[in-house]
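Peer 1: Pasting a structure below so you can have a look.
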Ligand code: AMP
């Protein structure tokens, strides 16, 4: 497995693969890898000849008050996990290598980013779409894999790819959970033992809402209440709980089209997201 630090080296390696007729699968991550990330690497492996994983804690998607400096990192472990999954290369740029001091060109999706995490984290998705398009341009990957854990991100990137005619095929992979239900996230590391226990109210609320939906409930307010009731017995602080259309992320009162129940909840200082695709 090759490790690459420079954008130019990465572009060069990918051109080399392409000249040899090999297809490329890209898995963008911020590192501190867990089983959710590894599932994406497996999806890429199954669809492309060569797999490149990027590990980059992208500063432009963090707000000034957010956890950029504290974001968990463990590079030796990440590299071992990538190698064990059969990744062909890992791209590990520095922020300086990705952003020139006078960097001034941004990709902004202007509709889907107005709500949910976009409303709570101004500028977040601009950083995401910009870095993801840079990674697409550097690798010219055939396939890129994103997780449904970050449902809004997946939909925003799909919209960008469609709107800007990016020649990549996207795979949106299922959300992977811990054995007890908690959605896997690098940020789970920040939870104290008590917060980790309380955070189960989020996944349990999602499962309870799923059960109602499977029993035929189509009123968004009932599903949202089900989730908020699960949280009400804990110290979880609701950032948002919403049922929205998968197409345009507008709030729905009746679930009569592919929808998404999405939530962001603070447990202590740690903001966790979880969701349920209602299709
Ligand atoms: P991150 O490193 O958190 O930026 O995530 C990198 C990629 O992994 C994104 O496409 C995420 O949606 C995906 N991902 C993170 N956690 C999970 C999970 N629990 N299940 C599936 N995909 C995930």
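Peer 1: Could you list 100, 210 so that the one with the fewest beta carbons within 10 Å of its beta carbon is first and the one with the most is last?
Peer 2: Sorted ascending by nearby Cβ count, the order is 100, 210.
Peer 1: Under the rule a/c < 1.5 gives rounded, and otherwise a/b versus b/c splits prolate from oblate, where does the stretch 165-253 land using the Cα gyration tensor?
Peer 2: Oblate shape, in that a/c is at least 1.5 and b/c is the bigger or equal ratio.
Peer 1: Quick one: 115, 29, 105, 139, fewest Cβ neighbours within 10 Å first, how do they rank?
Peer 2: Ascending Cβ contact count within 10 Å gives the list 105, 115, 29, 139.
Peer 1: I've got another one for you. Give the residues of the stretch 95-119 whose amide nitrogen is closer than 19 Å to a point set 7 Å from the Cα of residue 68 in the direction of its Cβ.
Peer 2: 95-108, 118-119
Peer 1: In degrees, nearest 10, range 0 to 90: what is the angle between the Cα axis of helix 124-139 and the longest Cα principal axis of the chain?
Peer 2: Once rounded, one gets 30 degrees.
Peer 1: In degrees between 0 and 90, to the nearest 10, how far off the longest principal axis of the chain does helix 220-232 point, with axes built from Cα atoms?
Peer 2: With both axes taken from Cα atoms, the answer is about 90 degrees.
Peer 1: Is it possible to state the helix-based mean residue ellipticity at 222 nm for the chain, with each DSSP H run of 4+ residues giving -39500 (n - 2.57), the sum divided by total residues, to the nearest 500 deg cm²/dmol? What is it?
Peer 2: Taken over the chain, the calculation gives -11500 deg cm²/dmol.
Peer 1: Report, as a whole number in µm² per second, the diffusion coefficient that Stokes-Einstein gives for the chain at 37 °C and 0.692 mPa s using the Kirkwood radius over alpha carbon pairs.
Peer 2: Approximately 168 µm²/s, per Stokes-Einstein.
Peer 1: In nm, to one decimal, how far is the residue 42 label point from the residue 180 one, both placed 7 Å along Cα→Cβ?
Peer 2: The modelled label-to-label distance comes out at 2.3 nm.
Peer 1: Please identify, among 204, 159, 70, the residue showing maximal mean-square fluctuation in a Gaussian network model of the chain using a 10 angstrom Cα cutoff.
Peer 2: Highest fluctuation among the options: 70.
Peer 1: Report the residue, chosen from 64, 95, 258, that carries the largest GNM mean-square fluctuation when the chain is represented by alpha-carbon nodes joined by springs under 10 Å.
Peer 2: 64
Peer 1: Quote to one decimal, in nm, the extra length available between residue 170 and residue 12 on full extension: 0.36 nm per residue of separation minus the C-alpha distance between them.
Peer 2: 54.6 nm
Peer 1: Kindly put 198, 66, 279 in sequence by how many other C-beta atoms sit within 10 Å of each C-beta, fewest to most.
Peer 2: By the 10 Å Cβ count, ascending, the order reads 279, 66, 198.
Peer 1: Same structure again: At 0.36 nm per residue, minus the direct Cα-Cα distance, what do residue 214 and residue 192 gain on full extension? Give it in nm, one decimal, please.
Peer 2: 4.6 nm
Peer 1: Report the full-extension gain for the segment residue 23 to residue 158: residue separation times 0.36 nm, less the Cα-Cα distance, to one decimal in nm.
Peer 2: Between residue 23 and residue 158, full extension yields 46.6 nm more.
Peer 1: A follow-up question, please. Could you check the simple spin-label distance between residue 204 and residue 245, using points 7 Å along Cα→Cβ, in nm with one decimal?
Peer 2: Placing both labels 7 Å beyond Cα along the Cβ direction yields 3.5 nm.
Each reported figure results from applying straightforward, stated rules to the coordinates on display, with no laboratory input. All values derive from a computational prediction rather than experimental measurement. Neighbour counts run over all protein chains shown; Cβ positions are idealised from the backbone, glycine included.
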